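A.B. asks: Sharing a structure below in structure tokens format, with a few things to ask.
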Amino acid sequence: MSSRAIVPITCKEYKPTFDITSGEYYDESPVNKGERNSIIYICPCKSGSNLRTRTQFIKHFGTDHHKSYLKKYSNIVENEKNEDNEKNELKKEIEFLKRDLEKKDKKIEEKDKKIEELYIIIVHIENIIGVKIGNPPHSDCD
Ligand SMILES: [Zn+2]
């Protein structure tokens, strides 16, 4: 195999690193010096920023566009967390409503079954007394 073998390339979004001590985000190249990398990092600060080498990262981190992005990054993360929480709350609410609907559907099914049973009794009584006293269930719904 030659040294120019085709290596599959993957794309990954670059994310700043969180510093627990300061509570702030900072830039750190995910690629070490001299490291051969088959991952292309895309920084969300600017479309078309494909980063593959440490040198490209260092140069990119120095751009005004990226510096501005890094300053806003904690707000972006916070907004994403809030959106995720909101989505989770909505998912829970939907699940609750689905269960509630299933319970109500089951109750309706049980009541329909009871109505059918009562109608059979009514028809039986009508046959005994020879007088029609009721309409079939759901005859007014058609
Ligand atoms: Zn960037």
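A.B. asks: Looking at the structure I just gave you, is residue 52 of a type in the set (Lys, Arg) and within 15 Å of residue 13 (Cβ to Cβ)?
C.D. replies: Numbers: of a type in the set (Lys, Arg): yes; within 15 Å of residue 13 (Cβ to Cβ): yes.
Answer is yes for this residue.
A.B. asks: Against the definition (under 30 Å from residue 34 (Cβ atoms), surrounded by 10 or more Cβ atoms within 10 Å (Cβ to Cβ) and either more than 16 Å from the ligand (Cβ to nearest atom) or not polar (S, T, N, Q) (or both)), how does residue 73 come out, yes or no?
C.D. replies: On the way: under 30 Å from residue 34 (Cβ atoms): yes; surrounded by 10 or more Cβ atoms within 10 Å (Cβ to Cβ): yes; either more than 16 Å from the ligand (Cβ to nearest atom) or not polar (S, T, N, Q) (or both): yes.
Criteria met by residue 73.
A.B. asks: Which pairs do you get when a residue that is in a helix (DSSP H, G or I), found in the range 116-127, comes within reach of a residue that is small (Gly, Ala, Ser), reach meaning Cβ atoms under 6 angstrom, with the pair 6+ apart or on two chains?
C.D. replies: 122/134
A.B. asks: Name the residues in the range 18-38 that are surrounded by 15 or more Cβ atoms within 10 Å (Cβ to Cβ) and away from the ligand (no atom under 13 Å from the Cβ), would you? Write out each step before concluding.
C.D. replies: Just the residues of the range 18-38 that are surrounded by 15 or more Cβ atoms within 10 Å (Cβ to Cβ), to begin with: 25, 27, 29-31, 37.
Scanning the range 18-38 gives 31, 37.
A.B. asks: Under the condition of being touching a residue at least 12 places away in the same chain (Cβ under 8 Å) and closer than 12 Å to residue 16 by Cα, which residue from the range 43-68 is farthest from the ligand (Cβ to nearest atom)?
C.D. replies: 57
A short reminder: the numbers here are calculations on the coordinates, not readings from a lab. Only a predicted model underlies this, so the values are computations on that prediction, with no experimental measurement involved. Cβ sites come from the backbone with ideal geometry, for glycine too, and all protein chains shown count toward neighbours.
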